[in-house]
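The values are calculated or read from the model by the stated rules, or taken from the named source; none is laboratory data. Just so it is clear, the structure is predicted and the values come from calculations on it, not from any experiment. Cβ placement follows ideal geometry from the backbone for every residue including glycine, while neighbour counts extend to all protein chains displayed. To get the accessible areas, we keep the full protein, side chains included, count just its heavy atoms, and leave off ligands, DNA and RNA. Shrake-Rupley method; radii C 1.70, N 1.55, O 1.52, S 1.80 Å.
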Amino acid sequence: NAGVTQTPKFQVLKTGQSMTLQCAQDMNHNSMYWYRQDPGMGLRLIYYSASEGTTDKGEVPNGYNVSRLNKREFSLRLESAAPSQTSVYFCASSEARKAGGNEQFFGPGTRLTVL
Amino acid sequence: GENVEQHPSTLSVQEGDSAVIKCTYSDSASNYFPWYKQELGKRPQLIIDIRSNVGEKKDQRIAVTLNKTAKHFSLHITETQPEDSAVYFCAAYNQGGKLIFGQGTELSVKP
């Protein structure tokens with residue numbers, strides 16, 4: 001099993017350009033997440049999808065959109081990139097649980113630079 | 001919303017010593033508290049977790065304690081080794097279905 005995979009690994013954009021980060025998992029997990037990681041700020045949740053067909057905002061959703069394409073895939077789109085979106089982006093997935101959280105499995109990350 | 005504070009931000013210990021990292025959370029409804037280890041340039045990986053119905057959990061050299069009344073939890077690493085050097089994140093899962101992370105602790109174990 002590949003676990004959680006992300007593409008691309010690295011990307012450089014100019015301000016105003018758009019792009020989509022792709023994420024897929026082969027663990028049959030219901031829940032998927034997008035985080036950004038900035039120095040000294042830990043991991044901050046951008047959007048999440050508790051199950052196929054649903055998406056919800058996290059802590060820092062502004063400037064992003066998401067699509068839960070099917071159970072395996074969850075994409076993150078930047079419509080008009082800004083330098084403040086320079087970050088490392090991680091996708092994660094977890095098994096749903098009736099009450100309480102479960103271990104989240106992370107992808108390898110995408111390092112995005114916006115000039 | 002939930003807020004998770006983590007201390008210290010950096011920690012340096014000698015090989016063989018113990019290391020303790022502390023976190024506090026604000027939402028009393030939070031019920032799941034994982035700890036992740038992230039090596040340089042790698043993805044975060046779960047090392048231990050604890051649920052709100054348990055006060056302590058151990059796994060070899062790693063232990064986590066939870067004090068629900070005070071709303072804080074701690075990671076204890078005993079007999080530290082150079083390969084323990086990494087950034088460690090605590091997190092709290094609230095009823096809203098979100099995992100909120102602390103700011104991270106960079107642990108350095110000197111041989």
Check your understanding: Looking at B:Ala86, is it within 10 Å of the chain's Cα centre (by Cα), closer than 17 Å to A:Gly42 by Cβ and of a type outside the set (Phe, Trp, Tyr)?
Key -> no
Exercise for review: Among the residues of the stretch A:36-56, count how many are open to solvent by less than 60 Å² (accessible area, probe 1.4 Å) and without any contact (Cβ under 8 Å) to a residue 60 or more places away in the chain.
Suggested key: 13
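The rows are residues; the columns are (1) part of a strand (DSSP E or B); (2) within 14 Å of chain B (Cβ to nearest Cβ); (3) at pLDDT 95 or above.
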site: A:Asn65; (1), (2), (3): yes, no, yes
site: A:Leu76; (1), (2), (3): yes, no, yes
site: A:Ala81; (1), (2), (3): no, no, yes
site: A:Ser84; (1), (2), (3): no, no, yes
site: A:Tyr89; (1), (2), (3): yes, yes, yes
site: A:Ala92; (1), (2), (3): yes, yes, yes
site: A:Ala96; (1), (2), (3): no, yes, no
site: A:Gly101; (1), (2), (3): no, yes, no
site: A:Arg111; (1), (2), (3): yes, yes, yes
Practice item. Output the number of residues of the stretch B:43-70 satisfying the condition of being in a loop (DSSP other than H, G, I, E, B), within 14 Å of chain A (Cβ to nearest Cβ) and at pLDDT below 95. Key: 4
Check your understanding: Given B:Asp84, B:Asp59, B:Asp27, B:Asp49, which one is within 30 Å of A:Thr5 (Cβ to Cβ) and in contact (Cβ under 8 Å) with a residue 40 or more places away in the chain?
Key -> B:Asp84
Review point. Listed residues B:Phe89, B:Phe73; which is in contact with a Pro (Cβ under 7 Å, 6 or more places away or on another chain) and buried (at least 17 other Cβ atoms within 10 Å of the Cβ)?
Key: B:Phe89
Practice item. Mind telling me which of the residues B:Phe101, B:Phe73 ends up being aromatic (Phe, Trp, Tyr) and within 13 Å of chain A (Cβ to nearest Cβ)? Key: B:Phe101
Check your understanding: Is at least one residue of the stretch A:81-89 under 29 Å from B:Glu5 (Cβ atoms), more than 13 Å from the chain's Cα centre (by Cα) and not polar (S, T, N, Q)?
Key -> yes
Practice item. Return the total of residues in the stretch B:8-17 being away from every other protein chain (no Cβ under 13 Å) and closer than 18 Å to B:Val87 by Cβ. Key: 3
Practice item. Could you check B:Glu83 against (1) away from chain A (no Cβ under 12 Å); (2) of a type outside the set (A, V, I, L, M, F, W, C); (3) over 25 Å from A:Phe105 (Cβ atoms); (4) loosely packed, with under 14 Cβ neighbours inside 10 Å and say which number it fails? Key: (3)
**Study point:** Unmet requirement for A:Leu13, which otherwise passes all of (1) more than 10 Å from chain B (Cβ to nearest Cβ); (2) open to solvent by less than 20 Å² (accessible area, probe 1.4 Å); (3) under 26 Å from B:Ile100 (Cβ atoms)
**Key:** (3)
